[in-house]
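Okay, so here's the structure we're looking at.
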Amino acid sequence: MPPPVAPPSIAFRAGLAILRGVPAAGAPEWLRHDPRLDALVAAGARYPDLRDWALAREIPEATSASNVFEAPLLDPRTPREAQQEAVTRWMAAGQRGTVVLPTGAGKTLVALLAIQRTGTNACIIVPTRALVSQWFTQLADAFGAEHVGAFYGDEKEVRALTVTTYHSAFTLLERHGSRFTLLICDEVHHLADRATGEARTRLDALIIAPALHRLGLTATYPDGQDSWMVRALGPVVYRRSIGEMTDAELARFAIERRYVDLSLSERARYDAESERFETYAEQSQWRTQADSPDIAWKLFAASARRSPAARRAMRAFRERERVVRMAEAKFEETARVLRMFPGEQAVLFCGGTDVAMEVSRRLAIPLIAASTPASERHAILGAMREGTLRAVASVKVLDEGWDVPNAKLGIVLGDSTRGGARQHTQRLGRLLRRQGDQVASLFELVAAGTWEFFASQKRGAAVRKVADSQLGFGL
């Protein structure tokens, strides 16, 4: 006798939407036969479509669980107009899309309101482990710690509201994706560069997730590089700029670029290393080996692993950057700016760990880097919030996601050549949470007559549009 035919059913398993017991001719065209499962399958993101199709034909789910989340929102803050409008627009767009608000405008509260309005379990995806801790705390305060879990590293607790990193999201959603109807992606601009392996992994997590509702949050939306983001999350549904919210909801701000000179010995080292690097670049023509400067650089970096001449050029390039980063005049100017604002709390944004360690040593300022233990990091930021600490030095960690609400003075001591306007805007945003009538000030220290001058000019052209929108303030 032939084996019995299984009745039609659908299921989500291992990141796949699965249909059994239905011939391909009678199934949606976007399903494909998988011989290993002997079933029709699609990426998990199509599971809501498959469920609607099956429901119309009275085909049951093999496994189903309630994703209803009805805990009350305990956050005492009253949502501002922009936050309320952002959630309303997102709901009207079918609960899919990205909200673009400046840093300091309260994107986290937008997410909390979205969870409350949808009334469903949510997975919150963030770029760093540090932000997992921050989101965990805010979710626990808003809805109760008993509803919140974290999934990253050795921590694998899945609850109605679960926070994970982009790195761990694929594993979480492959195993437990059916538990979440809402995905919230923080700092969603990290998904923009589809060409990189890391970005592909992040997007793959969204492709396998069956969550119907999706919310992206960012202050720096990558216009023109968002095709995959639109497919995975939906389009931008609400956007406000810093200029639009200044005075009403954000602090006014001033940006000033200050130029410092290299010492005679620093200039001699800089010129020698620059000549060594540029001589090799001219002889090898590596800059012309690809259409994209980024790809050309990657080819050059790869050649440094096998070519002694390329390796020497790479060392020259790094030494040239180090000379600029560690320019003596930058440390002197930092101390001068801090003396100009004796009553202001400050964040020092450093271009490298060596700079941060040196300024921390010289000025007795605590340092937060990626290697700083979470307990120490929380203690430092807690002291900043309480007003008992004057300043903190940071290496990228405070560039995005972290709140330093009392700080209204920022000093940029160097930057990576790839930091760009996005990183600069993120740093400015750290200072923009409104505190009465205080004005935020961001000082960028630039070594004159070096590569840093040109990188700063290029970055400033993009940021100037924001600054010029406010009378009396600018670069």
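The values are calculated or read from the model by the stated rules, or taken from the named source; none is laboratory data. Since we're looking at a predicted model, the values are computed, not measured. Reconstructed Cβ throughout: ideal geometry from the backbone, glycine too, with neighbour counts over all protein chains shown. To get the accessible areas, we keep the full protein, side chains included, count just its heavy atoms, and leave off ligands, DNA and RNA. Shrake-Rupley method; radii C 1.70, N 1.55, O 1.52, S 1.80 Å.
General observations
- In sequence order, calculated HN-Hα J values of region 207-220 (Karplus, 6.51, -1.76, 1.60; Hz; x Gly/Pro): 5, 8, 6, x, 4, 6, 9, 9, 10, x, 10, 6, 9, 10
- Placing unit charges on the Cβ atoms only, positive for Lys and Arg and negative for Asp and Glu, gives region 1-125 a dipole magnitude near 240 debye about its Cα centre.
- Cα shape, region 92-232, gyration tensor, a/c 1.5 rule: rounded
- Each residue of region 19-28 was assigned a 3J(HN,Hα) from its phi angle through the Karplus curve 6.51 cos²θ - 1.76 cosθ + 1.60 (θ = phi - 60°); the sequence is 10, 10, x, 10, x, 4, 5, x, 10, x Hz, with glycine and proline shown as x.
- Each of the peptides 321-330, 361-370 was scored by the mean count of other Cβ atoms within 10 Å over its residues; in descending order, highest first, they stand as 321-330, 361-370.
- Between residue 448 and residue 78, the FRET efficiency from the beta-carbon distance, with R0 = 51 Å, is close to 0.60.
- Net charge contributed by nearby residues that have their C-beta within less than 14 Å of residue 234 (K/R +1, D/E -1): +4
- Computed from the C-beta positions of residue 362 and residue 271, the FRET efficiency with R₀ = 30 Å rounds to 0.70.
- Residue 37-residue 305 pseudo-label distance in nm [points 7 Å out on the Cα-to-Cβ vector]: 3.6
- For region 268-307, the solvent-accessible area of protein heavy atoms averages 69 Å² per residue (probe radius 1.4 Å; ligands and nucleic acids excluded).
- Protection proxy ranking of 262-271, 202-211 - average other beta-carbon atoms within 10 Å, highest first: 202-211, 262-271
- Taking every protein chain into account, the accessible area of region 1-107 amounts to 58 square angstrom per residue (probe 1.4 Å).
- Whole-angstrom gap from region 294-360 to region 28-101, using each part's C-alpha centre: 45
- Charged side chains reduced to their Cβ positions (Lys and Arg at +1, Asp and Glu at -1) give region 60-184 a dipole of some 280 debye around its Cα centre.
- Local electrostatic count, residue 11, Cβ distance below 12 Å [Lys/Arg +1, Asp/Glu -1]: +2
- Cross-linked pairs 330/396; 107/396; 156/298; 330/408; 298/396: Cα-Cα separations exceed 27 Å for 156/298.
- Ordering of 176-186, 87-97, 375-385 by packing [mean C-beta count within 10 Å, highest first]: 176-186, 87-97, 375-385
- Three-way shape call for region 55-166 based on the alpha-carbon gyration tensor, with the a/c threshold at 1.5: oblate
- Extending 7 Å from Cα along the Cβ direction at residue 49 and again at residue 71 yields two label points whose distance is 3.4 nm.
- Summing charges over neighbours of residue 322, with a neighbour being any other residue whose Cβ is under 11 Å away from its Cβ, gives 0 when K and R count +1 and D and E count -1.
- Rounded if a/c under 1.5, otherwise prolate or oblate - region 136-176, Cα gyration tensor axes: prolate
- Share of carbon and sulfur in the accessible heavy-atom surface of region 270-415 [1.4 Å probe, %]: 52
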